[in-house]
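K.L.:
I have a structure here, written as structure tokens, and I will follow up with some questions on it.
The values are calculated or read from the model by the stated rules, or taken from the named source; none is laboratory data. As the structure is a prediction and not an experimental result, all values here were calculated from the model. Positions of Cβ are backbone-derived with ideal geometry, glycine not excepted, and every protein chain shown enters the neighbour counts. Only protein heavy atoms, including side chains, enter the accessible area calculation; ligands, DNA and RNA are left aside. Shrake-Rupley method; radii C 1.70, N 1.55, O 1.52, S 1.80 Å.
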Amino acid sequence: MGRLLIRRILLGIVVTWVVSMMIFAATELLPGDVCHAVLGQGATEKSLESCRERLQLNQPMHTRYLQWLGRLATGELGTSLANDLQISDQIGARAWNTVRLAALTALIAVPLAVLLGLIAAIRADSSVDRGISIGTLCFISVPEFFTGVLLVYILAVQLRWMPAVANYRDLTRGDFLEVIEALALPIATLTFAVLAHMTRMTRTAVLNVMSSPYIEQAILKGASRSRVIIRHALPNAVAPIVNVIALNLAYLVSGVVVVEAIFRIPGLGTLMVESVIYRDIPTVQAIGMLFCVTYVGFNLIADVMAIIANPRLRHPR
Amino acid sequence: MSAVIDIQDLWVEARSSGGSFQPIVEGVSVSVYPGEVVALIGESGSGKTTTALSAMAYSKPGCRIVGGSITLNGRDLLKLDQEERRQLRGREAAYVAQSAAAAFNPAIRIGDQVIESTAIHQLMPRDDALREAVKLYQRLDLPDPERLSNRYPHQVSGGQLQRLMAAMAMSSSPALLILDEPTTALDVTTQISVLSAFKDLIRGQNTAAIYVTHDLAVVAQIADRIVVMQNGKVMEAGATEQIISRPENAYTQTLMAAVRPPPKSMSVEGEGSDQTDDEMIVSVDSITAGYGRTETKIVLQDVSVAVPKGKVVGVIGESGCGKSTLARVIAGLLPQRSGEIYHHGQELPNVARRRTRSVLKNIQIVFQMPDVAINPRHRVREILGRPLDLFIGLSASARESRIDELLELVELPTSYKTRLPGELSGGEKQRINLARALAAEPEVILCDEVTSALDTVVGKAIIDLLKKLQANLGVAYLFISHDLSTVASFADHVVVLYAGRVVEQGPLASVLAPPFHPYTRLLLSSVPELRTDWLDGVVASKAHLDHLGQAVDSSKVGCPFFSRCAVAVNDVCNRQDVPLRKMDQGHTVACHLELDALRG
Amino acid sequence: MSAASQAPSETDLKTRFTPSLIIGLVIVGFWLLVALFGPALAPHLESDIVTDMSYAPAGEVGLLGSDYLGRDVFSRLLYGARMTMGLALLVTLLSFSLGVILGFIAAISGRWIDGLMSRINDALMAFPSIILALIVMSALGTSLMIMIVTVAIIDSTRVFRLSRALAMDISVMDFVDVARSRGESLWWITVREILPNTLAPLAAEFGIRFTFAILFISALSFLGLGVQPPAADWGVMVKENLQGLLFGSAAALMPAAAVASLTVGVNLIVDWFLRRMGGDVSQELMN
Ligand SMILES: Nc1ncnc2c1ncn2[C@@H]1O[C@H](COP(=O)(O)OP(=O)(O)OP(=O)(O)O)[C@@H](O)[C@H]1O
Ligand code: SF4
Ligand SMILES: [Mg+2]
């Protein structure tokens, strides 16, 4: 198993490396160079020159790539093309908002999804199961902005239970209740987005296990329902469920971008979108790298958990 | 004495794909007395397992018991509630499933699973139960009984798991044991030891048992009474001797007729075909082949086989020994690592696409699983028409009438032309398979286990058809099978494969007569016979119980059969290359022992 | 089982047309009609300013009120249907042909080509799709063309993976081996033996990819990176009118609900289709 794990982790590192090369190479796709594209047709020779200077475009590509990697590693990301602020400062200021949103969502969505998935699996083909199935299908289908807008419309506009737009900038100092109140709708929106998938996949994972012959064997030994589920099904379902969870946490990365935009939360997602609009390529690359590393990391965790939880691999012959 | 289990007029329904319920067991009655074994036999889908499971008031998901009474130890199970039924399961009745590999939970240690019934029903303390389990392991001839409990299921072999299932079922000393095809998934040689282990246990504990199987020869060894089922109904029930020797019901009679007599070591009679005289259609010479990209897995080693014109060459060996691989190499589907393939003495490219059209036409292949061997999206006309277009080239009307002819040849109505494979039964699909091969008018057909996915009766019909075609068309077969009786019933020449090597080959009569290769001898003595005392006789000779389920390593030096061989010579057999001993008529045996020693 | 028993019984028909399928068909059919004929029936042009009142409530101005510029929300919704669905269809067709063709090529070609194509695909799939789109668009700009191609390529990685897996699964089936042993060409094997057996799952995948394209495009438009105003696109409409929520206007809700209903509708059909395929598989196993 050790060798398998090491192989998997090495693979994760290779993937991260390839991803970094691709992110870096994105700027090289341009017909001219970055400065030309960013500053547009009206750019003076002088401003172009200083831009190139700043991005060190006169150096060969591989040197720039290595320098870029070095800067990523040290956090010295240079200044933004849009507003001359330090990129690392901007990211630092906003990262907390994003991480908090994602973490709180995970805290709510994961247990809820596993619970719903278990209920659906245990009561498979009942009306509860069918309800969960239709409900989750709907939530998988609808865009985040629909859930968000609908929640705002109902809870904030019609019922006036909470603020539609909170002042997120002050939240870093706000007390816990205030944070919760301000973040309730974004968290709810994001939760709906990941909940559905996780619930469905948990249900499938458990049902797969429940239909195996060893479960039937346990029933025929006279095991009670709870014993069948806890002793026989769960140990075998843990791996797929953990796998499902990690995969969906990876999905949070995408969801966060849209949800931040709906609620105008000054997080990394909004920063990235703004930077794309201003074509602030260094910032996009830095945040993109951050998101991708998180994503690859969660996928790696999913794989590793699946390996660890497999008894065949844990106790080799 | 009252019956342990008494099932009367049982009706069970199953939900069909449309959602409505259809009866799958219709008015079946079975009862079993203490110490008695009652066998339920019938084809797949006849309701055997459903009936057996009802003895524990259990029905598979999607099924429901709708009528009758089930009395276990004097209590009517259908009147009990869920909790009371649960209390009975595992304590008064225990179940041994068809596939032990699937019925053991991969995440739990073997010992805990074996004694789980005793824990659930609080029959004895855990330590006592584990100690009892070790005794059971010993009685079942399981290796390393002291430490077996601590292992995980994937750490022991299939045959051992199947015996562990028996230990699991017996740990709570139930009054009723239900065995569902417990040896079907095993090789013949393993089957015997498992079978005799079950028999001992049942006798020793005076347990009542229901034994589900489709194999009559197995039934004869273990059952006191037989219940024959078809389509959810009982066809005939009676004592084993009576059913075997004087079946009354027409269906039972067909079933009996389909059982092939076991190959007897014949006295060499008649001429036997001397291979060297005939013209060889295909032959392979010292073929080595395997799978895998980087780490090569060698499956066939130094295999030489030849198929003479119009003759049947049988290839026999246990699962995984490389039989299918051999067929795939000859057909040009798997390039060999070394060695040559010849067609009428001419060397062939190792990939089908590079062979000439006439070679492709002359060597056809028919696969094991009828369900996946024909494209489910092609109609029968298309399936049979393609080889005609490719190899024969006919006008539209001639093509049509040739398709009719082919269907008639395999005894199917010509109206089947427009059907999709989904609209055919397994046996019918296999006939289409055969017809497709025949369409090319080949000289030889490679038949890979063409009957093993079929019920006995259907399988026999296919074999009869093959014989007829051979007689009428003069086509030759390379007939691959794991079933010695089938091979013996119509091969001219037999090749015995073990771990990817030919251990013995020669004319049928010489292979079935001494001198034997030790593996051939084991195979021969493992084929169950339709005699009720056969098993006891074989077990008395003891040759079987040793070294069961050892992993076969085909890449080792020395004799591959060493770890299971009863007459092996240590330090010789496992160290030195095995000499090939040649006799007349192309009969060869690969063994260190002298021919005289092998004769005994 | 005999062929005669294959005629559909009454209960079979009932399971064939489940309520959720009918709902899905009605929704999708409705939006298709709207996309085809909506603009012709719309009371105003998409860019017409019909009132100087922004966020006029429904009923007061037009059927669904006005948006932040005083344009008719109802008309823009009708125009948006064509825009959003048209774009999504274009993207899906692109991604689908790309993914299926490359996936099949990978599946039937040798180790080397397959390995190379699969690794490239894996690398693209190592990005969260929206992040990849953002990175590409930051470099190449946010024109509609670039968005379509970017989304199509990103989406095609999923199609590639599925069609490659499907083709691989089928290419190891015995009937393909039979064809090989007959000396059939790769082309024949792919087109006649493999392709017909992948059609059903690919059809389901097309539906899934279509909803994905709708969601992806409208999310990008919503972020201000896809379709640009004043063109009417559902995602754009949500973005433009988000502020209106504070004034109690439902102008943002309408297009969001339109996207939601369409994707739910398509997914209901796909779900039914997949279930039926599952049913067919088990039916085949029973025979
Ligand atoms: N495609 C493959 N890749 C890797 N190994 C394979 C492959 N096909 C077969 N093998 C292995 O090669 C060995 C021989 O397989 P083969 O199918 O020839 O056996 P067989 O004698 O036909 O068995 P059976 O009676 O079960 O059909 C087995 O150990 C099997 O696991
Ligand atoms: S060579 Fe030795 S081990 Fe092999 S079969 Fe002969 S006697 Fe047995
Ligand atoms: Mg085989």
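K.L.:
Can you tell me which condition B:Glu405 does not meet? The list is (1) within 10 Å of chain C (Cβ to nearest Cβ); (2) surrounded by fewer than 18 Cβ atoms within 10 Å (Cβ to Cβ), and all the others hold.
P.N.:
(1)
K.L.:
Could we say that A:Leu183 is touching a Gly at 6+ places or on another chain (Cβ under 8 Å) and either crowded, with 20+ Cβ neighbours inside 10 Å or not hydrophobic (A, V, I, L, M, F, W, C) (or both) here?
P.N.:
no
K.L.:
When residues of the stretch B:485-498 are filtered for being within 16 Å of ligand 1 (Cβ to nearest atom) and surrounded by 24 or more Cβ atoms within 10 Å (Cβ to Cβ), how many remain?
P.N.:
Here the count works out to 6.
K.L.:
Quick one: which residue in B:Ser304, B:Ser319, B:Ser358 is in contact with a Gly (Cβ under 9 Å, 6 or more places away or on another chain) and either closer than 25 Å to B:Tyr519 by Cα or open to solvent by 20 Å² or more (accessible area, probe 1.4 Å) (or both)?
P.N.:
Step by step, each of B:Ser304, B:Ser319, B:Ser358 is checked, and only B:Ser304 is in contact with a Gly (Cβ under 9 Å, 6 or more places away or on another chain) and either closer than 25 Å to B:Tyr519 by Cα or open to solvent by 20 Å² or more (accessible area, probe 1.4 Å) (or both).
K.L.:
Among the residues of the stretch C:166-184, count how many are free of Cβ contacts under 8 Å to residues at least 12 places away in the same chain and in a helix (DSSP H, G or I).
P.N.:
So the answer is 6.
K.L.:
Is there any pair linking a residue in the stretch A:144-157 that is touching a residue at least 24 places away in the same chain (Cβ under 8 Å) and at the interface with chain C (Cβ under 8 Å from one of its Cβ atoms) to one that is outside any helix (DSSP H, G or I) and open to solvent by less than 10 Å² (accessible area, probe 1.4 Å), with Cβ under 8 Å and at least six apart or on different chains, and which?
P.N.:
A:Val149/C:Ala252
K.L.:
Scan the stretch B:46-72 residue by residue and report those that are open to solvent by less than 30 Å² (accessible area, probe 1.4 Å) and touching a helix residue (DSSP H, G or I) at 6+ places or on another chain (Cβ under 7 Å).
P.N.:
Matches in the stretch B:46-72: B:Met56, B:Ala57, B:Tyr58, B:Ile70, B:Leu72.
K.L.:
Among the listed residues B:Ala97, B:Ala119, B:Ala101, identify the single one that is within 11 Å of chain A (Cβ to nearest Cβ) and free of Cβ contacts under 8 Å to residues at least 24 places away in the same chain.
P.N.:
Just one listed residue meets the conditions, B:Ala119.
K.L.:
Tell me, please, whether a residue that is at pLDDT 80 or above and in contact with a strand residue (DSSP E or B) (Cβ under 6 Å, 6 or more places away or on another chain) can be found in the stretch B:194-207.
P.N.:
The answer is yes, given that some residue of the stretch B:194-207 is at pLDDT 80 or above and in contact with a strand residue (DSSP E or B) (Cβ under 6 Å, 6 or more places away or on another chain).
K.L.:
Checking B:Pro349 against (1) within 12 Å of chain C (Cβ to nearest Cβ); (2) of a type outside the set (Ser, Thr, Tyr); (3) within 13 Å of ligand 1 (Cβ to nearest atom), only one condition comes out false. Which one?
P.N.:
Condition not satisfied by B:Pro349: (3).
K.L.:
Please state which one of A:Arg64, A:Arg71 is open to solvent by 50 Å² or more (accessible area, probe 1.4 Å), touching a helix residue (DSSP H, G or I) at 6+ places or on another chain (Cβ under 9 Å), charged (D, E, K, R) and in a helix (DSSP H, G or I).
P.N.:
Just one listed residue meets the conditions, A:Arg71.
K.L.:
Right, next: Which residues, counting only those in the stretch A:272-285, are open to solvent by 10 Å² or more (accessible area, probe 1.4 Å) and either of a type in the set (S, T, N, Q) or not in a loop (DSSP other than H, G, I, E, B) (or both)?
P.N.:
A:Val273, A:Glu274, A:Ile277, A:Pro282, A:Gln285
K.L.:
Which of the numbered conditions does A:Ile122 fail, given that it passes all the others? Conditions: (1) of a type outside the set (Asp, Glu); (2) surrounded by fewer than 18 Cβ atoms within 10 Å (Cβ to Cβ); (3) out of contact with any Lys or Arg (no Cβ under 9 Å at 6 or more places or on another chain).
P.N.:
Of (1) of a type outside the set (Asp, Glu); (2) surrounded by fewer than 18 Cβ atoms within 10 Å (Cβ to Cβ); (3) out of contact with any Lys or Arg (no Cβ under 9 Å at 6 or more places or on another chain), only one is false for A:Ile122: (3).
K.L.:
When you look at B:Arg75, is it more than 9 Å from chain A (Cβ to nearest Cβ) and among the charged types (D, E, K, R), yes or no?
P.N.:
Yes; evaluated as a whole, the condition is true for this residue.
K.L.:
Answer with yes or no whether B:Ser338 is within 16 Å of ligand 3 (Cβ to nearest atom), open to solvent by 40 Å² or more (accessible area, probe 1.4 Å) and either closer than 27 Å to B:Ala398 by Cα or touching a residue at least 12 places away in the same chain (Cβ under 8 Å) (or both).
P.N.:
Taking the combined requirement at face value, the residue does not satisfy it.
K.L.:
Pairs please, first residue from the stretch C:133-160 and facing chain A (nearest Cβ under 10 Å), second anywhere and assigned to a helix (DSSP H, G or I) and hydroxyl-bearing (Ser, Thr, Tyr), Cβ atoms under 7 Å, 6+ apart in sequence or on different chains.
P.N.:
C:Ala133/C:Thr150; C:Val136/C:Thr150; C:Met137/C:Thr150; C:Ser138/A:Ser275; C:Ala139/A:Thr27
K.L.:
Still on this structure, please answer the following. Give all pairs with beta carbons closer than 6 Å in which a residue from the stretch A:286-301 that is within 14 Å of A:Val244 (Cα to Cα) meets a residue that is open to solvent by less than 30 Å² (accessible area, probe 1.4 Å); count only pairs at least 6 apart in sequence or on separate chains.
P.N.:
Pairs that qualify, where the first residue is within 14 Å of A:Val244 (Cα to Cα) and the partner is open to solvent by less than 30 Å² (accessible area, probe 1.4 Å), are A:Tyr295/A:Ala250; A:Tyr295/A:Val253; A:Tyr295/C:Pro128; A:Phe298/A:Ala246; A:Phe298/A:Ala250; A:Asn299/A:Ala250; A:Leu300/A:Gly12; A:Ile301/A:Ala246.
K.L.:
Taking B:Val366 as the residue in question, decide whether it is away from chain C (no Cβ under 11 Å), open to solvent by less than 20 Å² (accessible area, probe 1.4 Å) and either free of Cβ contacts under 8 Å to residues at least 12 places away in the same chain or out of contact with any Gly (no Cβ under 9 Å at 6 or more places or on another chain) (or both).
P.N.:
no
K.L.:
Still on this structure: Select from the stretch C:196-215 the residues that are of a type outside the set (Val, Ile, Thr) and at the interface with another protein chain (Cβ under 9 Å from one of its Cβ atoms) and list them in ascending order.
P.N.:
Scanning the stretch C:196-215 gives C:Pro196, C:Asn197, C:Leu199, C:Leu215.
K.L.:
Might you let me know whether the stretch A:200-223 holds any residue that is touching a Gly at 6+ places or on another chain (Cβ under 6 Å) and in a helix (DSSP H, G or I)?
P.N.:
Looking for residues that are touching a Gly at 6+ places or on another chain (Cβ under 6 Å) and in a helix (DSSP H, G or I), one finds at least one in the stretch A:200-223, hence yes.
K.L.:
Moving to a separate point now. Which ones in the stretch B:123-146 are open to solvent by less than 30 Å² (accessible area, probe 1.4 Å) and modelled with pLDDT of 85 or more?
P.N.:
Within the stretch B:123-146, B:Ala129, B:Ala133, B:Val134, B:Leu136, B:Tyr137, B:Pro145 meet the criteria.
K.L.:
Determine which member of the set C:Ala219, C:Ala258 is facing chain A (nearest Cβ under 7 Å) and aliphatic (A, V, I, L, M).
P.N.:
The unique qualifying residue is C:Ala219.
K.L.:
A further question follows. Regarding B:Ile383, is this residue within 30 Å of the chain's Cα centre (by Cα), under 14 Å from C:Val178 (Cα atoms) and outside any loop (DSSP other than H, G, I, E, B)?
P.N.:
Yes: the conditions hold for B:Ile383.
K.L.:
If B:Glu43 meets every condition in (1) open to solvent by less than 30 Å² (accessible area, probe 1.4 Å); (2) at pLDDT below 90; (3) touching a helix residue (DSSP H, G or I) at 6+ places or on another chain (Cβ under 9 Å) apart from one, which number is that one?
P.N.:
Status for B:Glu43: all satisfied but (1).
K.L.:
Just for the stretch B:292-335: of the residues that are among the charged types (D, E, K, R) and outside any loop (DSSP other than H, G, I, E, B), which one is farthest from the other protein chains (Cβ to nearest Cβ)?
P.N.:
B:Asp302
K.L.:
Then there is this: Considering only the stretch B:134-146, how many residues are outside any loop (DSSP other than H, G, I, E, B), of a type outside the set (Lys, Arg) and under 30 Å from the mean Cα position of the chain (by Cα)?
P.N.:
Looking only at that region, the number is 4.
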